[in-house]
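The values are calculated or read from the model by the stated rules, or taken from the named source; none is laboratory data. The structure presented is a predicted model; accordingly, all values stated were derived computationally and were not measured. A quick note on method: Cβ atoms are made from the backbone with ideal geometry, for glycine too, and the neighbour counts reach across all protein chains shown.
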Amino acid sequence: MSDERLDLVDAVLYGDVFDCAVTLDEAWRYARVAIDRDELARRLHEDRLVVEDGGLYCLVGREELLKRRPERMRHAARLERR
């Protein structure tokens, strides 16, 4: 994996560690290189390690994270309120 590719998928990898799919905005915000959102979306779409569904991104083979994202966000909001 090239350094630039790793810099672009960094947020997706980070989300995977915490069992959470990421949005394009999150992937863009935490990409370690300056890139246009549309270009990032195109590059993630072309990347064979990343899958997208409904505006959420995760690693291939971890598609269950796409369905679990809403519950993860509700849980995080509850914890934040505490």
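The table that follows gives values for the structure above.
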| quantity | calculated |
| --- | --- |
| Subset of region 33-57 that is under 13 Å from the mean Cα position of the chain (by Cα) and part of a loop (DSSP other than H, G, I, E, B) - its residue that is surrounded by the fewest Cβ atoms within 10 Å (Cβ to Cβ) | Gly54 |
| Single condition Leu6 does not satisfy, out of (1) of a type outside the set (Lys, Arg); (2) assigned to a helix (DSSP H, G or I); (3) surrounded by 13 or more Cβ atoms within 10 Å (Cβ to Cβ) | (3) |
| Tabulated pairs, region 44-57, first more than 14 Å from Gly15 (Cα to Cα), second among the β-branched types (Val, Ile, Thr), C-beta under 8 angstrom, 6+ apart or interchain | Leu44/Val9; Leu44/Val12; Leu44/Val50; Asp47/Val9; Arg48/Val60; Gly55/Thr23 |
| Residue under evaluation Asp16, criteria (1) surrounded by fewer than 17 Cβ atoms within 10 Å (Cβ to Cβ); (2) at pLDDT below 95, criterion not met | (1) |
| Lone unmet requirement of (1) over 18 Å from Ala27 (Cα atoms); (2) surrounded by 14 or more Cβ atoms within 10 Å (Cβ to Cβ) for Glu80 | (2) |
| Selection status of Val60, surrounded by 12 or more Cβ atoms within 10 Å (Cβ to Cβ) and out of contact with any Ser or Thr (no Cβ under 8 Å at 6 or more places or on another chain) | no |
